[in-house]
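Here's the structure we're looking at; comments come further down.
The values are calculated or read from the model by the stated rules, or taken from the named source; none is laboratory data. From a predicted model like this one, the values you see are computed outputs, not experimental measurements. Note that each Cβ is placed from the backbone with ideal geometry, even for glycine, and that neighbours are counted across all protein chains shown.
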């Protein structure tokens, strides 16, 4: 044994050939600070080993190395000087691997991401098996590679390919990695170790010139000034178009590569270190790392719930076909759970099947599915007009019209048809689960399961626990949602639940400005381009449906009469009364049609300006943002204080996945903490005269006074 640590062991496996194996105690290998220290120690021992002829770098686990330990990042990055020292020291450990006096070969199975990919780049050769996924996804955390990736990758695969991989964070399958020279060979899993050993021995015996393979990584980029100029101009234009101004990491990655292009390894690594440290101090980085942490929390809770589930969902039913029902049925069947789609009208069933066929057809067009798989998924959906068709299912998802009386009758009817242990859920978006539960004899097996439209694209499912919902029911529904490929967040019952409850104050803040005569298109422009929403509140209202939004104001007013009163003279109510329902009938705040190329298009509707009395009143961007966002953040705080959602992190993820909250802002609570609690309170107090939804809670004031954080721990 050359070296033995908690996460790394090194030993001779053949004459003169050593194996450095990552073997962490946990489920995966990752570069935490302790592992990096062990890595350095192991490489020091290897460098001093006598009779060493070559080294293979392997993993004792099904996957190679998933990257750095992100759980350490936010604490580490809080101290910029500490971060500078850490990244400079850590990145030089990979130099130790690259500087070993013998050839090195990485043998990669499964994920080699981030720091895992960078470890392979420091080797002379890379052999992967057919399960490998290799890439540098750091930009998705608001960062760039920090262990030499921006320095080595351009010198291995060329700056054009390298910049595309680094700035997009794209993962690569083996065949794609081989085409661009990122790996040297692809083999079947059972042949991986032997292939790595053969390659390192060939290099040690002089059959492969490993020194020539290594040398370019130590020098300046081999490209002339004109080529480099074109490369960086193109990369900057692409980053500006795709990432925009809100995401600094892709731009910093290009600068790091550019700054190091004409220098050798040490200077290029210094450029990377400087760019990396700068990004660690940005709000975008803190937000995106926070998202990763929150996502892990949510997924961990879902896994725990799935393990606790005593009932497995093997067959499902959806009540109410249409677009939403068809989307739910498609998603269930696509993920391997056969589903019965029940409606009282044949035309609705036809619409539901057409919706599923349309989604599958697009997958076939894009080459992501063949016709055989498409037929299999469609055959897993059984349309029926008969109640008897749902007998024997494990779960029934009610997705009929958003009316409490209609839903109540349908739920009661289904309870009399299905088995005693069949779970019944409602895909309601706003109606109280406890209210609906009154229609059932056994409310313990009932809860909400709120999907978002379009079902096949939106990752969130709100699982709404009623007062009498059993833990077993919640666990089974979360497990079913996870199996459907969705992120399930459990919330407690209230009108609107979590996502829609906090959305309506946001839309009410917007409507208040429109009622004052402010241009809705100008508000959309600010909220999209400056705040970062995928669509502004007017456009969002059109997409959701003006009639739907107007109907929901009734539900929200019943639940929160003083904070969310219904205003029949508001912009939303006026448009609904005029039957301007949004995209669904081609006219809402905007008029909808197609452009000259047949693509969907929208344009401002002059008649809406006249109808709503909108003139030339202007508000500055900061006021527009405040008047939309203060009510939403305040309502998120209330939901947390009332126990509607269990944690600030889960609230952040719900809005990211359910509404498209700008990722670079990290969610409503991350946004609140970035603004600063004291600053936010002062901002809200400025608009407190506009109504209760602008008034912060006593709990928020106490949090600010005590210096606490909603996201601590």
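Quick notes on this structure:
- Restricting 261, 237 to residues that are out of contact with any helix residue (DSSP H, G or I) (no Cβ under 9 Å at 6 or more places or on another chain), farther than 24 Å from residue 83 by Cβ and outside the structural domain of residue 461 (by TED's automatic domain parsing) narrows the list to 237.
- Residue match in region 689-700 (condition: assigned by TED's automatic domain parsing to the domain that holds residue 636, free of Cβ contacts under 8 Å to residues at least 12 places away in the same chain and under 20 Å from residue 647 (Cα atoms)): yes
- Put simply, of 305, 249 the only residue that is buried (at least 19 other Cβ atoms within 10 Å of the Cβ), part of a helix (DSSP H, G or I) and in contact with a strand residue (DSSP E or B) (Cβ under 8 Å, 6 or more places away or on another chain) is 305.
- Residue that is modelled with the highest pLDDT [pool: residues in region 215-232 that are in a helix (DSSP H, G or I) and over 37 Å from the mean Cα position of the chain (by Cα)]: 215
- Exactly one residue out of 529, 445 is free of Cβ contacts under 8 Å to residues at least 24 places away in the same chain, more than 19 Å from residue 582 (Cα to Cα) and either touching a helix residue (DSSP H, G or I) at 6+ places or on another chain (Cβ under 9 Å) or not assigned by TED's automatic domain parsing to the domain that holds residue 335 (or both), and it is 529.
- Residue count for region 311-321, restricted to those that are outside any loop (DSSP other than H, G, I, E, B) and under 19 Å from residue 408 (Cβ atoms): 3
- Residue check for residue 157: free of Cβ contacts under 8 Å to residues at least 60 places away in the same chain, over 30 Å from residue 293 (Cα atoms) and in the same structural domain as residue 15 (by TED's automatic domain parsing): yes
- Among residues of region 605-624 that are assigned to a helix (DSSP H, G or I), those with a beta-carbon under 6 Å from a residue that is loosely packed, with under 15 Cβ neighbours inside 10 Å at least six positions away or on a different chain give the pairs 621/530.
- Residue within region 660-681 that is loosely packed, with under 14 Cβ neighbours inside 10 Å, in contact (Cβ under 8 Å) with a residue 12 or more places away in the chain and assigned to a helix (DSSP H, G or I) present: yes
- Of all residues in region 689-713, those being farther than 23 Å from residue 655 by Cα and surrounded by fewer than 13 Cβ atoms within 10 Å (Cβ to Cβ) number 6.
- Restricted to strands (runs of 3 or more DSSP E) entirely inside region 330-429, those with at least 3 residues that are surrounded by fewer than 23 Cβ atoms within 10 Å (Cβ to Cβ) are 381-384.
- Members of region 54-72 that are surrounded by fewer than 20 Cβ atoms within 10 Å (Cβ to Cβ) and within 17 Å of residue 197 (Cβ to Cβ): 60
- Test: residue in region 163-178 that is within 22 Å of residue 209 (Cβ to Cβ) and not in a strand (DSSP E or B): yes
- In region 233-246, the qualifying residues are those that are assigned to a loop (DSSP other than H, G, I, E, B) and touching a residue at least 40 places away in the same chain (Cβ under 8 Å), and the one that is farthest from residue 671 (Cα to Cα) is 243.
- Between 508, 538, 576, the distinction of being under 26 Å from the mean Cα position of the chain (by Cα), assigned to a helix (DSSP H, G or I) and buried (at least 21 other Cβ atoms within 10 Å of the Cβ) belongs to 538 only.
- Condition check for residue 326: assigned by TED's automatic domain parsing to the domain that holds residue 478, crowded, with 23+ Cβ neighbours inside 10 Å and on the phi > 0 side of the Ramachandran plot: no
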